[in-house]
Amino acid sequence: MQYVEFNPYWTVSISNGEILTKLKSDPAYLSRNNMDLLSMSGNAVPVSSVDFKKYTSKMPYMLRQGHGAGNALGRVKFFFPNRFSVYLHDTPSRNLFSKEERAFSHGCIRVENPLKFASYVLLEQGYTSARIDSIVKTGRNLRVNLKKVLPVIITYSTAFADQDLVYFYKDVYKRDEALMMALGI
């Protein structure tokens with residue numbers, strides 16, 4: 001992990017899929033969701049100047065959601081470089097943590113207690129829970145680079161065994177199927 005970002009912006013990588021479909025029927029979707037339309041170089045583009053209906057699967061724009069209560073990343077993001085553009089983050093959808101199946105995101109990983117996790121990650125840099133709370137309350141975007149990069153290891157498992165039983169979970173990424181085919185099973 002290289003940095004922690006408080007009150008993060010969300011650069012929407014799924015804009016060429018589900019959000020494009022929404023924009024075709026409702027261009028006001030962006031303003032209602034605190035989003036800006038940007039050129040690929042990062043300059044603001046007036047929504048009224050774009051005919052979203054002319055794009056079928058890809059558009060030459062980026063979307064960025066401003067920080068705040070409705071931001072999909074919540075109040076804090078934990079960034080670590082990886083080829084999948086996956087990171088850990090808070091969420092405004094706290095109710096999802098009570099669900100047994102939790103694959104509701106677009107690949108990133110929601111953290112149930114993100115401010116507590118941030119205080120742990122930033123403890124050696126003098127960030128107490130009170131300091132973190134005050135940063136979040138400002139509503140301003142702040143990136144804190146880690147003085148010591150932390151390793152992040154993510155595993156994906158569809159089975160778990162304890163002393164008595166083996167538990168199987170839904171394979172949301174279809175990895176078991178690919179493994180079985182590769183093994184000829």
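Taking other C-beta atoms within 10 Å as the exposure proxy, Leu142, Leu165, Leu115 rank Leu165, Leu142, Leu115 from fewest upward.
For Tyr55 and Leu142, compute 0.36 nm times the residue count separating them, minus their Cα-Cα distance, and round to one decimal in nm.
On the way: separation 87, 0.36 × 87 = 31.32 nm, distance 3.46 nm.
Gain on extension, Tyr55 to Leu142, equals 27.9 nm.
Ranked for footprinting exposure by Cβ neighbours inside 10 Å, fewest first, Asp176, Asp36 give Asp176, Asp36. Rounded to whole numbers, the Karplus 3J(HN,Hα) couplings from phi for the stretch 63-69 are 10, 9, 8, x, 6, x, 4 Hz, using 6.51 cos²θ - 1.76 cosθ + 1.60 with θ = phi - 60°, and x at Gly and Pro.
Listed values for the stretch 53-58 are Karplus-derived 3J(HN,Hα) couplings in whole Hz (6.51 cos²θ - 1.76 cosθ + 1.60, θ = phi - 60°), namely 5, 7, 9, 9, 9, 9, and x replaces Gly and Pro. Exposed loop sites are taken as trypsin sites (Lys or Arg not before Pro) in a DSSP loop (any state but H, G, I, E or B) with at most 16 other beta carbon atoms within 10 Å; the longest stretch of the chain without one runs 1-57. Computed from backbone phi with θ = phi - 60° and the Karplus coefficients 6.51, -1.76 and 1.60, the 3J(HN,Hα) list for the stretch 30-35 is 5, 5, 5, 10, 6, 10 Hz; x is used for glycine and proline.
For Tyr3, the residues whose modelled amide H falls within less than 5 Å of its own, excluding neighbours fewer than 5 places apart on the same chain, are Phe79, Leu146. Listed values (i) 119; (ii) 110; (iii) 184 include one computed from this model; for volume of the Cα convex hull per residue in Å³ that value carries the label (iii).
Counted by neighbouring Cβ atoms within 10 Å, the residues Ser49, Ser119 run from fewest to most as Ser49, Ser119. Contact order, relative form, for the chain: 26 percent (alpha carbon pairs under 8 Å, 6 or more residues apart, mean separation divided by residue count).
Bear in mind these aren't lab numbers, they're just calculated from the coordinates by the rules spelled out. Worth saying up front: this structure is predicted, and the values here are computed from it rather than measured. Cβ sites come from the backbone with ideal geometry, for glycine too, and all protein chains shown count toward neighbours.
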